[in-house]
Amino acid sequence: MNPVTLAFAVLGLSGFALGAMVTALGPFEMGVILMGLGLAFQVISLVRLKRAKRNAANEGRSDA
């Protein structure tokens, strides 16, 4: 797996968890923003995984 994709996934998970904690304990708006950023990083990582899978499948077909 690409290290950048892995970094996006880790940022997404930790950002969402931190946002949930901040929402429960601190300023509500900041927690919601952090949760939204965490979800955005998760979407970016999933798009990158899907693109990598598609590219790997296309490379496999061209070799055959």
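Only DSSP H runs of four or more residues enter the estimate; each adds -39500 (n - 2.57), and after division by the residues of the chain the mean residue ellipticity at 222 nm equals -33000 deg cm²/dmol.
Taking a spot 7 Å from the Cα of R51 along the direction of its beta carbon, which residues of region 8-44 have an amide N less than 11 Å from it? Within reach of a label on R51, which here means backbone N under 11 Å from a point 7 Å along Cα→Cβ, region 8-44 contributes 44. Relative to the longest principal axis of the Cα atoms of the chain, helix 3-25 runs at roughly 20 degrees.
Semi-axes of the equivalent ellipsoid of region 1-40: what are they in whole Å, largest first, if each equals the square root of 5 times a C-alpha gyration tensor eigenvalue?
Values: eigenvalues 104, 12, 4 Å².
Result for region 1-40: semi-axes of 23, 8, 5 Å.
Expressed as an acute angle from 0 to 90° and rounded to the nearest 10, what is the orientation of the C-alpha long axis of helix 28-63 relative to the principal long axis of the chain? Taking Cα atoms only, the helix is inclined about 10 degrees. Of all the options L34, L25, L13, the one that moves most in a Gaussian network model of the chain with Cα springs shorter than 10 angstrom is L25.
Values quoted throughout were computed directly from the atomic coordinates according to the rules given, and no laboratory measurement underlies them. Predicted model only: the values in this text are computed from it and were never measured. No Cβ is skipped: glycine too gets one built from the backbone with ideal geometry, and neighbour counts run over all protein chains shown.
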